[in-house]
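Below is one structure, written out as structure tokens; comments come after it.
The values are calculated or read from the model by the stated rules, or taken from the named source; none is laboratory data. Everything quoted here is computed from the prediction, not taken from an experiment. All Cβ positions, glycine included, derive from the backbone under ideal geometry; neighbour counts span all protein chains shown.
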Amino acid sequence: MPISKPSKHRLLSAKMASYTVPLSVSAPSLLRAGNDRAFQKLVFDLFTISARIERVRVHFASKAGISGPQYSVLRAVASLQGNEGVAIGIVAEHLQVTSAFIAAQSSLLMQRGFLKKDEDISDRRISRLSLTVKGKQLVDEIVEGVRPINDIFFGQLERGEFNALSAIIAKLVDSSRDAIVQIASQDQQISLATRDKGA
């Protein structure tokens with residue numbers, strides 16, 4: 001009696017079962033029953049949320065005729081300017097970017113007539129940004145459109161959940177900065193090693 005050969009499906013299942021994915025985290029607080037599936041799901045959910053937030057930003061920026069980064073700068077200045085304008089460094093810190101980036105983007109917005117820049121009265125080394133009348137009109141139009149979208153996006157959060165999420169995100173902003181510094185250090189080491197080999 002001929003011996004039947006194992007089906008391709010059974011062979012494929014055997015090969016798949018033989019591989020155990022290494023853990024992507026080792027911190028005990030991030031593991032559940034010894035695996036990182038919950039952590040992986042969180043990361044992928046963050047990818048999804050980030051992409052959708054960016055989609056909202058691009059949508060409203062394009063309606064206003066400006067770029068995504070310019071949209072963020074405009075909204076940040078509107079939020080922070082107060083009565084005296086806001087320093088470029090403060091805007092940069094608020095958006096987690098460099099002062100040079102804010103200077104470049106704000107310059108483009110000034111060319112469009114949405115922002116103005118004045119010297120600080122007490123320290124002429126500091127430039128303060130504020131909205132022009134045209135800029136205020138644009139921000140008013142943007143906010144009218146974005147408000148209902150934000151309510152849909154975030155409105156399901158209870159007050160306590162919103163406060164907790166805000167604190168968690170702020171914590172992740174700090175720790176993610178350290179992670180990026182680590183990656184940059186590794187990239188620099190690889191670059192130096194490659195250069196040394198070439199020499």
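Quick notes on this one:
- Pair list, Cβ under 9 Å, 6 or more apart: region 172-199 residue under 24 Å from S50 (Cβ atoms) and modelled with pLDDT of 90 or more, other residue part of a helix (DSSP H, G or I) and not acidic (D, E): L172/L46
- If you go through region 152-171 and keep only what is farther than 20 Å from A51 by Cβ and assigned to a helix (DSSP H, G or I), you end up with R159, G160, E161, F162, N163, A164, S166, A167, A170, K171.
- Cβ pairs under 7 Å, 6+ apart, first in region 17-29 and closer than 14 Å to Q40 by Cβ, second acidic (D, E) and surrounded by 10 or more Cβ atoms within 10 Å (Cβ to Cβ): L23/D36; S24/D36; V25/D36
- Looking only at region 31-57, and only at residues there that are basic (K, R) and in a helix (DSSP H, G or I), the one that is surrounded by the most Cβ atoms within 10 Å (Cβ to Cβ): R57
- Only one of the listed residues (Q96, Q105, Q81, Q70) is within 24 Å of the chain's Cα centre (by Cα), on the phi > 0 side of the Ramachandran plot and not assigned by TED's automatic domain parsing to the domain that holds V173. That residue is Q96.
- The set of residues in region 108-137 being within 26 Å of the chain's Cα centre (by Cα) and free of Cβ contacts under 8 Å to residues at least 24 places away in the same chain consists of M110 alone.
- Tallying residues that are surrounded by fewer than 19 Cβ atoms within 10 Å (Cβ to Cβ) and in a loop (DSSP other than H, G, I, E, B) within region 64-80 yields 2.
- Residues in region 90-102 that are touching a residue at least 12 places away in the same chain (Cβ under 8 Å), touching a helix residue (DSSP H, G or I) at 6+ places or on another chain (Cβ under 6 Å) and surrounded by fewer than 19 Cβ atoms within 10 Å (Cβ to Cβ): H94, L95.
- Among the residues of region 103-142, those that are part of a loop (DSSP other than H, G, I, E, B) and surrounded by fewer than 18 Cβ atoms within 10 Å (Cβ to Cβ) comprise R112, G113, D120, I121, S122, D123, R124, R125, I126, T132.
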